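What follows is a single structure, written as structure tokens, with notes after it.
The values are calculated or read from the model by the stated rules, or taken from the named source; none is laboratory data. A quick note: this is a predicted structure, and the numbers were derived from the prediction, not measured. Counting neighbours? That spans all protein chains shown, and the Cβs are built from the backbone with ideal geometry, glycine included. Areas reflect the complete protein model, heavy atoms only, side chains present, ligands, DNA and RNA absent. Shrake-Rupley method; radii C 1.70, N 1.55, O 1.52, S 1.80 Å.
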Amino acid sequence: MSESTAIRIAEVKHAGEYALRVRWANDKTLRVDLRELVYRLKGLRPLRNAALFARADTGEGGHSVVWPGGLDVGAGRLWELALEQNGRADAVEFIRWRWRHGLSLTAAAEALGLSRRQVAYYASGEHEVPRTILLACKGWEVEQQAAA
């Protein structure tokens, strides 16, 4: 498994209507509201049943949240939603850039001329991603497209 997909869930608890409290392997705990997903995605329609939604559990290896009946949402998507809903749009934009290009922490650090540690801080939401870094991501993307 590459470091770009290493987001893991340690524990999940029901936190009210369409909401979960997720403790991540990095020890962060964030609330995630899944109302939009439950109402937008046909495959998650059964989760409109409050009793079923409340039965959320951590999937195998912490890669997802699962419910009876084979329903699940991946850890990466939940992490993205959690950051976005908790005011970290900068981190979400940075993560999406990495995922879009399949960049590990190391490869992203090399692409941007940063330390791997700093990239990890940005990807975890631990540090705010400066606008200059987000612009550098866009510039890198343009260079890659021009080279293709």
- Please name all residue pairs, on different chains or six or more residues apart, with Cβ atoms under 9 Å, provided the first residue is in region 14-30 and is over 22 Å from residue 61 (Cβ atoms) and open to solvent by less than 80 Å² (accessible area, probe 1.4 Å) and the second residue is of a type in the set (Asp, Glu) and not in a loop (DSSP other than H, G, I, E, B). 15/33; 16/33; 18/33; 18/36; 19/33
- Message: I'd like to know if region 78-94 contains one or more residues that are touching a strand residue (DSSP E or B) at 6+ places or on another chain (Cβ under 8 Å) and over 25 Å from residue 121 (Cβ atoms).
- Response: no
- Query: For region 96-119, which residues satisfy the criterion of being in a loop (DSSP other than H, G, I, E, B) and either closer than 13 Å to residue 144 by Cβ or modelled with pLDDT under 95 (or both)?
  - Reply: 101, 102, 103, 104
- Query: Can you tell me which residue in region 80-106 is nearest to residue 133 (Cα to Cα), limited to those that are open to solvent by less than 40 Å² (accessible area, probe 1.4 Å) and without any contact (Cβ under 8 Å) to a residue 24 or more places away in the chain?
  - Reply: 92
- Message: Taking the criterion of being within 24 Å of residue 99 (Cα to Cα), at pLDDT below 95 and among the hydrophobic types (A, V, I, L, M, F, W, C), would at least one residue in region 13-29 satisfy it?
- Response: yes
- Message: From the list 57, 90, exactly one residue is more than 12 Å from the chain's Cα centre (by Cα) and at pLDDT below 95. Which is it?
- Response: 90
- Subset of region 42-74 (residues that are without any contact (Cβ under 8 Å) to a residue 40 or more places away in the chain, in contact with a Leu (Cβ under 9 Å, 6 or more places away or on another chain) and assigned to a loop (DSSP other than H, G, I, E, B)): 68, 69
- Test result for residue 129, over 26 Å from residue 45 (Cβ atoms), in contact (Cβ under 8 Å) with a residue 24 or more places away in the chain and aliphatic (A, V, I, L, M): yes
- Query: Identify, please: which residue in region 41-61 is of a type outside the set (A, V, I, L, M, F, W, C) and buried (at least 17 other Cβ atoms within 10 Å of the Cβ) and is, among those, nearest to residue 14 (Cα to Cα)?
  - Reply: 58
